[in-house]
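A short write-up of the structure that comes next.
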Amino acid sequence: MPFDVQKVRADFPNLRQQVHGKPLVYLDNAATTHKPQSVINAVSNFYSKYNANVHRALYQQAAEATEAYEAVRDKVAQLINAPDRRSIVFTSGTTESINLLAYAWGRHNLRPGDEILVTEMEHHSNLIPWQLAARDTGATLRYIPIRDDGTLDLENPEQYFTDKTKLVAFTHQSNVFGAINPARQIIELAHAVGAITVVDAAQSVPHMAVDVVELDCDFLAFSGHKMLGPTGVGVLYGKPELLEQMSPFFGGGEMIRTVTMEKSTWAEIPWKFEAGTPKIAQVIGLGAAINYLNQLSYKTIGQYEQELTDYTLASLKDLDGLTIHGNPQQRGPVISFNVDAVHPHDLAQFLDEEGVAIRAGHHCAQPLMQRLGVPATSRVSIYLYNTKAEIDIFIESITNTIRFMTG
Ligand code: 7TS
């Protein structure tokens, strides 16, 4: 079946909104995505038809809520090809997933002299938790550098992957360049020196099929809101044997087996890591988002996004005085650039007046901005509901802004 973007757009109520009297052209999908009506309905139905807490009460609606919540665990496992549903921990998002690891794994396994390896293109969410873990344990943080084309420099890996390396945490797809990193290769290099691996998949799972068996990653994290789902929910995937060895991160209800005044024992995984009332409505909404992606298929989504990304890149390259950062061959639908005549924040403001939403700033990747030698960039990020006509409006708005600023 050919991909019908107008049919897709009709499923997203927020795409029908106007901004400053103009149709919204939403090109900030790396920050968050809009939600199809089916996701909004799934959340609304939970609250209006079977609202209850999960895992505790015996009445009908509580059973229904528990069943719906746990069914999404199977759906997530299937999405990333996790063989065991106990590998799927629901968190509030990528940030919480990585912090959970930095505490529950990092604080118990890292020692002075150990090295944590990250890359120069990490989002702060996959950097600050490791900086804090290094500070608290005496471990050292090291960086795989990037090349000018926005790809990782893995030429001499023995410089970075050594017997001191205990953990390698890296982004699967850059939220600044869109570069897709060679995850399988990095994981093999890490395992060869006995290190465990953490994949920040916040920008990859929304756009492509991610297979944790094929990758052989130890941990992987992503957020629901960047893949059509609600805010406030995310996933931590972990190999069961590693999750079992780990201590809990949060303590509270739900995560215990027995509690006495002196000491407690823990629930089985994954519930050991889901203290308190979980994100019930959000998880159910995430299930509906996965249904939506599955029904379109990653293959169709990927092809369509690639076509739009190529079109956007070609259009941007036609503009004078505009620099695109990075030129990775393997890339997702994210492009960062700077315009000589206009500061990124001014550009974003001018575009907003045309109804065009893009992001300007450091994109929570300040070390990368330092590496690029710029304080900020403009960033356009595309998703399955964007159109060529929207890209044309975006390009025309930039052209008009440059013309206005340069007289
Ligand atoms: N990792 C990457 C690669 C990201 O792009 C983001 C969010 C996160 C982690 C954090 O995800 P959260 O859901 O826990 O906040 N990135 C962006 C962005 O690029 N613009 O806004 C948020």
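Taken together, the values in this text are just the output of simple stated rules run on the coordinates, not laboratory data. Every value quoted in this text rests on a predicted model; they were computed, and no experiment measured them. Please note: Cβ atoms are built from the backbone with ideal geometry, for glycine as well, and neighbour counts cover all protein chains shown.
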Pair list, Cβ < 6 Å and 6+ apart or interchain, from segment 1-30 residues that are over 17 Å from Gly355 (Cα atoms) to residues that are in a strand (DSSP E or B): Ala30/Val334; Ala30/Ser381
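Rundown of residues vs (1) in a helix (DSSP H, G or I); (2) within 16 Å of the ligand (Cβ to nearest atom); (3) over 18 Å from the mean Cα position of the chain (by Cα), yes/no style:
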residue	(1), (2), (3)
Val235	no, yes, no
Leu243	yes, no, yes
Glu254	no, no, yes
Gly287	yes, no, no
Tyr292	yes, no, no
Thr312	yes, no, yes
For Val380, state whether it is under 28 Å from Arg9 (Cα atoms) and within 13 Å of the ligand (Cβ to nearest atom). yes
Let me confirm something: among Asn386, Asn327, which residue is of a type outside the set (Asp, Glu), in contact (Cβ under 8 Å) with a residue 24 or more places away in the chain and surrounded by 20 or more Cβ atoms within 10 Å (Cβ to Cβ)? Asn386
Using the structure shown, decide if Ile269 is among the aliphatic types (A, V, I, L, M) and not in a loop (DSSP other than H, G, I, E, B). no
Counting only residues that are touching a Ser or Thr at 6+ places or on another chain (Cβ under 9 Å), under 19 Å from Ala289 (Cα atoms) and surrounded by 19 or more Cβ atoms within 10 Å (Cβ to Cβ), how many does segment 32-62 have? 0
Look through segment 205-228, keep the residues that are crowded, with 24+ Cβ neighbours inside 10 Å and in a loop (DSSP other than H, G, I, E, B), and return whichever of them is farthest from the ligand (Cβ to nearest atom). Asp218
Any chance you could count how many residues in segment 1-33 are part of a loop (DSSP other than H, G, I, E, B) and away from the ligand (no atom under 16 Å from the Cβ)? 11
Considering only strands (runs of 3 or more DSSP E) fully contained in segment 77-165, which possess at least 1 residues that are surrounded by fewer than 23 Cβ atoms within 10 Å (Cβ to Cβ) and among the basic types (Lys, Arg)? 140-144
Under 7 Å by Cβ, and 6 or more places apart or on different chains, what pairs join a residue from segment 139-160 that is of a type in the set (Ser, Thr, Tyr) with one that is buried (at least 18 other Cβ atoms within 10 Å of the Cβ) and assigned to a strand (DSSP E or B)? Thr140/Glu115; Tyr143/Val118; Tyr143/Thr119; Thr151/Ala179; Tyr160/Leu117; Tyr160/Arg142; Tyr160/Ile144
Looking at the structure I just gave you, is Thr231 within 11 Å of the ligand (Cβ to nearest atom) and either touching a Lys or Arg at 6+ places or on another chain (Cβ under 6 Å) or over 26 Å from Asn327 (Cβ atoms) (or both)? yes
